[in-house]
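The values are calculated or read from the model by the stated rules, or taken from the named source; none is laboratory data. What you are looking at is a predicted structure, and each value in this text was computed from that prediction instead of being measured. Virtual Cβ from ideal backbone geometry, glycine too; neighbours counted across all protein chains shown. The area values use the complete protein model at the heavy-atom level, side chains included, leaving out ligands, DNA and RNA. Shrake-Rupley method; radii C 1.70, N 1.55, O 1.52, S 1.80 Å.
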Amino acid sequence: MFKKNKHGIQIKTPEQLDGMRAAGLVVGRTLELLRAAVAPGVTPLDLDVIAEKAIRDEGAVPSFKGYQGYPASICASVNSEVVHGIPGDGRKLREGDIISIDCGAILAGWHGDSAITVPVGEVGPELTELMRVTEEAMWRGIAALRPGAHLSDIGHQIEKYARSQGRYGIPQEYGGHGIGTEMHMDPWVANHGRPGRGPKLEAGMCLAVEPMLNLGTDRTRVLADDWTVVTMDGKASAHFEHSVAVTEQGPWVLTALDGGESRLGTVNRT
Ligand code: MF3
Ligand code: CO
C-alpha cells in the first residue's frame, strides 16, 4: 500500500501525490487566512482559533494538536522565538513584531506542513531582510528537489544562500523532514552542509523544507514549557516551510497555492 525505497523513504504514486496536494492546500489556504489576520492587538490564541476552524471546515484535522502532547493547532513563535511557540492569550502582537506561524493538517490520511513568518504592521529593515532571506533560502532549498540530486543538496543551497546574504545564525539541531502518512518521517533534512551526500532524491518523495535563520547566534534553548525554542541571545528568528513533492517535472510545492510555479519558474501540476 505504502511503498518505501531502500533508505526507508516513502515513495508516493501519482494518485497518492494528489492526496498530498489536497492536504497541502488545506494548510496553504489556512496560512493565507492567518497571514491576513495578523495585526497589532491580535493574540496568538486568536490565530489558533482561526486555524483550527479553517482546517476542520475543510474536513481535515489539525495534526499538531495532541502530537507528543502539543496543545494547539499551530505553533506561533514571536521575535526571538524560533519555533514551537505555544499560542496563548497573554500577549498581544505589537506593531514591529514578527511572528512565525507553523501549521499542519491531515486530510484523508495525508499530511501537509507549512510555515510563514509575517510582519505585524510596519517592521524595521533588519527584520524585513531577515524574513526575505529566510524565505528565499527556503526556495533555493526547494529548487534542489530534483530526481537524481542528493538529500544534502537541499541544506547546502539553504546555507550557501544564507551565508551569501549576511551573518545569520542557522540553528543546527532543527530541520526539515519526510512527510506523507505521518508528519515526521525519514529522512531528516538539514538546513546546512556539504552537497552530494545522502540518499538520492527520486520522484514520489515528499519532503518538508524548513529553514530557520537567526539575526544573531545559531544557539538556541527550550523554555520551561518544554516546547518554545528561543535564541540564546534574544535576537529575532524567522522560519519558512513548505511540503514539496519530487516529480520528473520538478518540485511540486504541495502547500503553495500555485504549486510553486511563480517562485520556481517551473510549470507543474496545480
Ligand atoms: N511543523 C513542525 C515541524 O515541521 C512541527 C510542529 S511540532 C508540534 O517540525 F508539536 F507542534 F506539532
Ligand atoms: Co515541518
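Let me spell it out: the conditions are (1) assigned to a loop (DSSP other than H, G, I, E, B); (2) surrounded by 17 or more Cβ atoms within 10 Å (Cβ to Cβ); (3) within 13 Å of ligand 1 (Cβ to nearest atom), and Gly204 meets all of them except one. Which number is the exception?
(3)
Just a yes or no: is a residue in region 212-226 open to solvent by less than 10 Å² (accessible area, probe 1.4 Å), under 18 Å from Pro147 (Cα atoms) and not in a loop (DSSP other than H, G, I, E, B)?
For region 212-226, residues open to solvent by less than 10 Å² (accessible area, probe 1.4 Å), under 18 Å from Pro147 (Cα atoms) and not in a loop (DSSP other than H, G, I, E, B): absent.
Please enumerate the residues belonging to region 4-13 that are without any contact (Cβ under 8 Å) to a residue 40 or more places away in the chain and under 11 Å from Gly204 (Cα atoms).
The answer is Lys4, and nothing else.
May I ask you to list pairs of residues, at least six apart or on different chains, whose Cβ atoms are under 9 Å apart, with the first in region 220-239 being acidic (Asp, Glu) and the second being open to solvent by 70 Å² or more (accessible area, probe 1.4 Å)?
Partner pairs satisfying both residue conditions: Asp233/Arg219.
So for region 115-134 (the condition being touching an Asp or Glu at 6+ places or on another chain (Cβ under 7 Å) and within 16 Å of ligand 2 (Cβ to nearest atom)), does at least one residue qualify?
The answer is yes, given that some residue of region 115-134 is touching an Asp or Glu at 6+ places or on another chain (Cβ under 7 Å) and within 16 Å of ligand 2 (Cβ to nearest atom).
Restricting to region 1-17, name every residue that is surrounded by fewer than 16 Cβ atoms within 10 Å (Cβ to Cβ) and of a type outside the set (Gly, Ala, Ser).
Met1, Phe2, Lys3, Lys4, Asn5, Lys6, His7, Thr13, Pro14, Glu15
Can you confirm whether Arg269 is at pLDDT below 95 and open to solvent by 30 Å² or more (accessible area, probe 1.4 Å)?
yes
Please work out which residue is most open to solvent (accessible area, probe 1.4 Å), limiting yourself to region 37-92 and to residues that are of a type in the set (Val, Ile, Thr) and either in contact with a Lys or Arg (Cβ under 9 Å, 6 or more places away or on another chain) or assigned to a loop (DSSP other than H, G, I, E, B) (or both).
Ile86
Would you check if there is a residue in region 234-249 being acidic (Asp, Glu), more than 27 Å from Leu17 (Cα to Cα), within 16 Å of ligand 1 (Cβ to nearest atom) and at pLDDT 95 or above?
So far as region 234-249 goes, no, none of its residues is acidic (Asp, Glu), more than 27 Å from Leu17 (Cα to Cα), within 16 Å of ligand 1 (Cβ to nearest atom) and at pLDDT 95 or above.
Which pairs turn up if I take residues in region 71-85 that are touching a residue at least 40 places away in the same chain (Cβ under 8 Å) and look for partners that are among the basic types (Lys, Arg) with beta carbon separation below 8 Å, at least 6 apart in sequence or on another chain?
Close Cβ pairs satisfying both conditions: Ser80/Lys235.
Where in region 99-197 are the strands (runs of 3 or more DSSP E), entirely inside, with at least 1 residues that are more than 15 Å from ligand 1 (Cβ to nearest atom) and under 18 Å from Arg35 (Cα atoms)?
Answer list for region 99-197: 110-119.
What about Leu25, is it part of a helix (DSSP H, G or I) and touching a helix residue (DSSP H, G or I) at 6+ places or on another chain (Cβ under 8 Å)?
Criteria not met by Leu25.
Test each condition in (1) touching a Phe, Trp or Tyr at 6+ places or on another chain (Cβ under 7 Å); (2) touching a residue at least 40 places away in the same chain (Cβ under 8 Å) for Gly175 and report the one that comes out false.
Looking at each condition in turn, Gly175 falls short on (2).
Would you check which residues across region 106-152 are of a type in the set (Asp, Glu) and surrounded by fewer than 24 Cβ atoms within 10 Å (Cβ to Cβ) and list them?
Glu122, Glu126, Glu129, Glu135, Glu136
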